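*Asks:* The following block contains the structure, expressed as C-alpha cells.
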Amino acid sequence: METKLALPADKIAQARELSVRIVKPVMDFVEAHTTVTVERATLRLAGADGADSDGVPVPNLIVDQLKNKLEAGALLYYVNALVKTGETVEGLNAKIAAGLRVGDLPLGDRSAIDRKASELVRAFSDRVTRNRQHREAKLVEFEGKNHSPMLYLIVATGNIFEDVKQAQAAAEQGADVVAVIRTTAQSLLDYVPYGATTEGFGGTYATQENFRIMRAALDEAVEKHGRYIYLTNYASGLCMPEIAAMGALERLDMMLNDSMYGILFRDINMYRTFVDQKFSRMINAFAGVIINTGEDNYLTTSDAVEKAYTVLASQFLNERFAYAAGLPAKLMGLGHAFEMDPEIKNGFLLELAQAQMAREIFPEAPLKYMPPTKFMTGDIFKGVVQNALFNFVSQATGQGIHLLGMLTEAIHTPYMQDRSLALENAKYVMNNMADLAGEIEFKQGGIIMNRAHQVLDEAVAFLQKIEQLGLMDAMEKGEFAEIKRPRDMGKGLDGLVKKGPEYFNPFEGYLKAELGLEG
Amino acid sequence: MIIRPYGDTLNDGAVQLSFTLPVPDGPRGREAARVFVEKLGFKHAEIVHSHAMADGFSFYVAYGKTETSVDFDTIQIEEATGEKIYTMGEACEVIRENLGRKVVIVGACTGFDAHTVGIDAIMNMKGYNHHYGLERYQEIEAHNLGAQVPNDKLIDYALKVNADAILVSQIVTQKDVHIQNMTELIELLQARGLRERFIVIAGGTRIGNKLAVELGYDGGFGKGSYADHVATFIVDRLIERKHNA
C-alpha cells in the first residue's frame, strides 16, 4: 500500500502489541467458559431447528432442559438422544418440540456418541464449504462487476416478503450489499424466532427461514444483474453466535459483529459478550463471512473530533479479537464513520485524515465506512451535500464497504426513492473522481498529516492506559464511549457457564483445527 | 394574516414535491404524475424531472402552485414547550446561570408497561434520533428506573434522590390502561401532599400535552419529542417556580 501520511511503523506496531496484551487475559477467560447461546449455536450447527407449539425454538428447549448440565456441553445430550432413539436430526427435533427431554435419557456408549457427532460435524462442514465455494465461484464469475468501495443499502420493512421486493429493487439500482435491519430490540431476545416473519418494528426478525428467503431472492438478482450481491445481517446481541451459525448455513456474506458493542450500547453483560463474540467469529471465519465492526457507534455518544482515537483503538482491539478467533484481515470490515459536526472549520480535512489513516493502518481490511447520521437534520437538501462529501472521502481513501447515506436520515426509514437518490449520488461522485486518489499527495506537516499522527499517538496512549487497567476494568470505568458497564451487571450474565473438565463440543474443536487456533 | 407558500412573489403558492409512482418511467408515467399533482389541488403542475428506479417504479420531481391558504393568526399550538427549545448545551448553560445546581430527574415506565423504548429515548445517554438523552446532560442528574415500576415506588425514589421532576412513560394503551395508571400516580401524589413538590410529566406515542394536562400533569410529550423538549420544559418551569417563590 502506498503511504501518504508517513505514519510511524513503530507506533502502529506498538498499538498492535498493546492490543495483544489487552486481549490475552480476556481470551483466557473466554476459553474457560461457554454460554447458553454458544450451546444453542452448536446445536444449530448440528441441525437442531424448529419450535414447539408455543413458538419456543428447539435449541432453547434443549438448553433450558439442561440447566445444570451445560458444563458438559448441550451437544452431548442431543447426540446421545440421536444415538439412543435412532432418529434423524429432523425426527429428533420434532420429538423435542413435542416434549421429549434429551437430558432425561441416560448417557450411552461414548464412542457411538463421538461417531455420530463426527458425522454431524462433517455434514455442517460440507454444507458451509459448499456455500463458501459457491460464493467464491460467483465472485470469480462476476469479477470486477462490484463497485469499489462496495455500495451497501439497508431494507427494513418488518415483513420479509416486502423486504425481498425492496432488496431486489436495491440490487437493480446498483447495490452490492443488502442488509436486512432487525426488528427493534431483537438483540435483547435470548432466542431466535422460528420461521418466516411479516411483523417487525423498524426492521425484520433475523430467522433462519427469513435468511433463506432473502438469499434465494438475491441469488436471482445476482444472475439477473451479473453481479454478486452480498447479504448482510446482525450477529450481535444475546444470540450472536446462533445468528452467526444461521448465517453460515444460509450463505450470508457479511455480519455485523463487534467485540464490545453489545456491552456498551445494549447493556449486555461483558463476560457473556466476550465469550459469544469468539464463537461467532470462529463460525464467521470458517464460513468466509466478512464481519462489520461497530466503531461508528462511539461517535454517536462521543465527539468525533475529540474521541477519534477511541475509534482507532477499538479497531485495533476488534482486529486482535478477530485474529484470536481465526478471522483473516480480509474478512475484517473494521468500522468508522463520517460523523464530525459540519460546522467545524476544516472538518472535511479531519475526516479525510481519519479515513486515510484507517486505510493505511489496516491495508487488507475491507473497511466499513458509515455515513453521516448524527448531524443529519431533516434538511434533506443539506443532507445531500453532506452525503456527497462523505462519498468523496470514501472514494479518495479506498474504503471497502460504503454504507450509503440517506438524505432522509433522521426522518424515516428510507423510501425507495431515498435509496435511488443515494445510489445516484454515490455513483456520480465515485465515477467522477475515480482516479483522483492516485493523483494526490498530502502536504508534509499539513493539517491532514498532522491530524493522522495526532490520532495515532492518542490511540497508543489510550491503549497503554487500557492495558494498565485491564479491558474489563476500563469498561467499568467508562473509558469507551463514556459508558460505564460493571462486569457483574448487564443482560445475559445468567447464561454464562464455566466449562466442565469433560466439556463436549466437537464443532468448536473442528473449527479451531480448521482455523489453526490453539487448544 | 392570510399566507401561502412563497416562491419568488408573495403568496404565489409555489410548492416543490417529489415522490415515487409504482409504474415505469416514460411519457405516460410523467403525465400520470402531473395529473396527480393537479388532483392534489395544485395549478400549473409541472414535472421537472423523472427517472426509472427499480422494475416498474419511477421517481418524479414536481412543482405546482396552490391557492390554498391559512390564517396565521388563528394558528394554535398544543405542545408543552413554546417556540424556543434549548439544545443540550443551552439547557446546561441556563441551569448553571439560573439555578446554580444540578437538576434531578427521575423517570420510569410505570404499572405493567414493560416498554422502555420511550423512557430510554428521552433518558439514555445515546438518546434517540441524534438527540442525546438526559443522562448526557452535564447539569442534569438523571435516574432511569426502567420498566414496570409501581407508582408508589416511583414517588419514594423521587423523594429519596430529592428529584425536581418525575417522568412517566406509557406506551401500552390497550383498554386505556395508561389513563388509569397515569391517574393513579397523580392521586397518590395528592394523597401524600406531594403534587406540588414535583414537576410531573407524562410521555408516550399516544400521549399529548392536552391529555396529560387534563389528567393533572404539568405537561405531556408525544411522538416526535426528544430530551431537548423535556429538558426545556423542566428547566423553564423550575426557573418560573424560583421567581415565584
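*Asks:* List pairs: first in the range B:129-147 and within 13 Å of chain A (Cβ to nearest Cβ) and at pLDDT below 90, second surrounded by 18 or more Cβ atoms within 10 Å (Cβ to Cβ) and part of a strand (DSSP E or B), Cβ under 8 Å, 6+ apart or cross-chain?
*Replies:* Note: pairs meeting the criteria are B:N144/B:G107; B:N144/B:A108; B:G146/B:A108; B:G146/B:C109; B:A147/B:A108; B:A147/B:C109.
*Asks:* Further, regarding this structure: Which residue pairs have Cβ atoms under 6 Å apart, sit 6 or more places apart or on different chains, and have a first residue in the range B:51-78 that is at negative phi and a second that is modelled with pLDDT of 90 or more and basic (K, R)?
*Replies:* B:K65/B:K43; B:S69/B:R4; B:E78/B:K210
*Asks:* Can you pull out every residue in the range A:409-422 that is within 19 Å of A:K374 (Cα to Cα), over 24 Å from the mean Cα position of the chain (by Cα) and either modelled with pLDDT of 90 or more or not in a loop (DSSP other than H, G, I, E, B) (or both)?
*Replies:* A:D418
*Asks:* Scan the range B:171-188 and tell me whether some residue there is buried (at least 16 other Cβ atoms within 10 Å of the Cβ), touching a helix residue (DSSP H, G or I) at 6+ places or on another chain (Cβ under 6 Å) and within 14 Å of chain A (Cβ to nearest Cβ).
*Replies:* There is at least one residue in the range B:171-188 that is buried (at least 16 other Cβ atoms within 10 Å of the Cβ), touching a helix residue (DSSP H, G or I) at 6+ places or on another chain (Cβ under 6 Å) and within 14 Å of chain A (Cβ to nearest Cβ).
*Asks:* Give the range A:364-399 a look and list any residue that's of a type outside the set (K, R), out of contact with any helix residue (DSSP H, G or I) (no Cβ under 8 Å at 6 or more places or on another chain) and surrounded by fewer than 23 Cβ atoms within 10 Å (Cβ to Cβ), or say none.
*Replies:* Matches in the range A:364-399: A:G378, A:D379, A:I380, A:F381, A:V385, A:Q386.
*Asks:* Inside the range B:156-170, can you point out the residues that are surrounded by fewer than 21 Cβ atoms within 10 Å (Cβ to Cβ) and in contact (Cβ under 8 Å) with a residue 24 or more places away in the chain?
*Replies:* Listed by number, the residues that qualify are B:Y157, B:L159, B:V161, B:N162.
*Asks:* Tally time: how many residues in the range A:404-452 are within 14 Å of another protein chain (Cβ to nearest Cβ), buried (at least 21 other Cβ atoms within 10 Å of the Cβ) and of a type in the set (K, R)?
*Replies:* Within the range A:404-452, residues that are within 14 Å of another protein chain (Cβ to nearest Cβ), buried (at least 21 other Cβ atoms within 10 Å of the Cβ) and of a type in the set (K, R) number 1.
*Asks:* Okay, moving on. If I go through the range B:37-79 residue by residue, how many of them are of a type in the set (S, T, N, Q) and assigned to a strand (DSSP E or B)? Don't jump to the end; show me each part of the working.
*Replies:* Here is the first cut: in the range B:37-79, the residues of a type in the set (S, T, N, Q) are B:50, B:58, B:66, B:68-69, B:74, B:76.
In the following step, the residues that additionally are assigned to a strand (DSSP E or B) were identified as B:50, B:58.
Final tally of qualifying residues: 2.
*Asks:* Determine, yes or no, whether B:F57 is away from chain A (no Cβ under 14 Å) and among the aromatic types (F, W, Y).
*Replies:* No.
*Asks:* Looking only at residues in the range B:8-62 that are crowded, with 17+ Cβ neighbours inside 10 Å and among the hydroxyl-bearing types (S, T, Y), which one is nearest to A:Q173 (Cα to Cα)?
*Replies:* Filtering the range B:8-62 for residues that are crowded, with 17+ Cβ neighbours inside 10 Å and among the hydroxyl-bearing types (S, T, Y), the one nearest to A:Q173 (Cα to Cα) comes out as B:S58.
*Asks:* Here is a further query. Scan the range B:108-126 and tell me whether some residue there is at positive phi and away from chain A (no Cβ under 12 Å).
*Replies:* Checked against the condition, which is being at positive phi and away from chain A (no Cβ under 12 Å), the range B:108-126 yields at least one hit.
*Asks:* Given the options B:V23, B:V70, name the one that is farther than 20 Å from A:M416 by Cβ and either among the acidic types (D, E) or modelled with pLDDT of 95 or more (or both). First the steps, then the outcome.
*Replies:* Values: B:V23 fails: farther than 20 Å from A:M416 by Cβ.
None of the others qualify; the one that does is B:V70.
*Asks:* Sticking with this structure for a sec: Please determine, by comparing only the residues of the range A:169-210 that are under 19 Å from the mean Cα position of the chain (by Cα) and part of a helix (DSSP H, G or I), which one is nearest to the other protein chains (Cβ to nearest Cβ).
*Replies:* A:L188
*Asks:* Moving to a separate point now. If we keep just the residues of the range B:63-93 that are surrounded by fewer than 19 Cβ atoms within 10 Å (Cβ to Cβ) and of a type in the set (A, V, I, L, M, F, W, C), which is farthest from B:A212 (Cα to Cα)?
*Replies:* If we take residues in the range B:63-93 being surrounded by fewer than 19 Cβ atoms within 10 Å (Cβ to Cβ) and of a type in the set (A, V, I, L, M, F, W, C), then B:V70 is farthest from B:A212 (Cα to Cα).
*Asks:* Report, by residue number, each residue of the range A:37-57 that is farther than 21 Å from A:S118 by Cα and either out of contact with any Leu (no Cβ under 7 Å at 6 or more places or on another chain) or free of Cβ contacts under 8 Å to residues at least 12 places away in the same chain (or both).
*Replies:* Applying the first criterion (farther than 21 Å from A:S118 by Cα) to the range A:37-57 yields A:37, A:50-57.
Once the filter is applied, which keeps residues that are farther than 21 Å from A:S118 by Cα and either out of contact with any Leu (no Cβ under 7 Å at 6 or more places or on another chain) or free of Cβ contacts under 8 Å to residues at least 12 places away in the same chain (or both), the range A:37-57 yields A:G50, A:A51, A:S53, A:D54, A:G55, A:V56, A:P57.
Residues are listed down the side, and each one gets a yes or a no for (1) without any contact (Cβ under 8 Å) to a residue 24 or more places away in the chain; (2) aliphatic (A, V, I, L, M); (3) within 14 Å of chain B (Cβ to nearest Cβ):
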| site | (1), (2), (3) |
| --- | --- |
| A:A304 | no, yes, yes |
| A:A308 | no, yes, no |
| A:N318 | no, no, no |
| A:E364 | no, no, no |
| A:P371 | no, no, yes |
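*Asks:* I've got another one for you. Regarding A:D296, is this residue at pLDDT below 95, within 14 Å of chain B (Cβ to nearest Cβ) and within 15 Å of the chain's Cα centre (by Cα)? Don't jump to the end; show me each part of the working.
*Replies:* On the way: at pLDDT below 95: yes; within 14 Å of chain B (Cβ to nearest Cβ): yes; within 15 Å of the chain's Cα centre (by Cα): yes.
Answer is yes for this residue.
*Asks:* Ok, one more. Report those helices (runs of 4 or more DSSP H) wholly inside the range A:280-391 carrying at least 3 residues which are among the aromatic types (F, W, Y).
*Replies:* In the range A:280-391, the matching helices (runs of 4 or more DSSP H) lie at A:308-324.
*Asks:* Another question, then. Exactly one of these conditions fails for A:S148: (1) of a type in the set (S, T, N, Q); (2) in a helix (DSSP H, G or I); (3) out of contact with any helix residue (DSSP H, G or I) (no Cβ under 7 Å at 6 or more places or on another chain). Give me its number.
*Replies:* (2)
*Asks:* Which residues, taken from the range A:120-147, are without any contact (Cβ under 8 Å) to a residue 60 or more places away in the chain and surrounded by 14 or more Cβ atoms within 10 Å (Cβ to Cβ)?
*Replies:* Hit for the range A:120-147 is A:T129, nothing else.
*Asks:* To continue, here is another question. Given the range A:423-519, what helices (runs of 4 or more DSSP H) lie entirely inside it while holding 2 or more residues that are over 27 Å from the mean Cα position of the chain (by Cα) and at pLDDT 95 or above?
*Replies:* Where helices (runs of 4 or more DSSP H) fall fully within the range A:423-519 and carry at least 2 residues being over 27 Å from the mean Cα position of the chain (by Cα) and at pLDDT 95 or above, they are A:447-469.
*Asks:* Can you tell which of A:L238, A:L264, A:L231, A:L249 is within 14 Å of chain B (Cβ to nearest Cβ) and either within 22 Å of A:E162 (Cβ to Cβ) or of a type in the set (A, V, I, L, M, F, W, C) (or both)?
*Replies:* A:L264
*Asks:* Answer yes or no as to whether B:G82 is outside any strand (DSSP E or B) and either in contact with a Ser or Thr (Cβ under 7 Å, 6 or more places away or on another chain) or within 14 Å of chain A (Cβ to nearest Cβ) (or both). Working first, answer last.
*Replies:* Working: outside any strand (DSSP E or B): yes; either in contact with a Ser or Thr (Cβ under 7 Å, 6 or more places away or on another chain) or within 14 Å of chain A (Cβ to nearest Cβ) (or both): no.
So B:G82 does not fit the description; no.
The values are calculated or read from the model by the stated rules, or taken from the named source; none is laboratory data. None of these values were measured; they are calculated from a predicted model. Cβ sites come from the backbone with ideal geometry, for glycine too, and all protein chains shown count toward neighbours.
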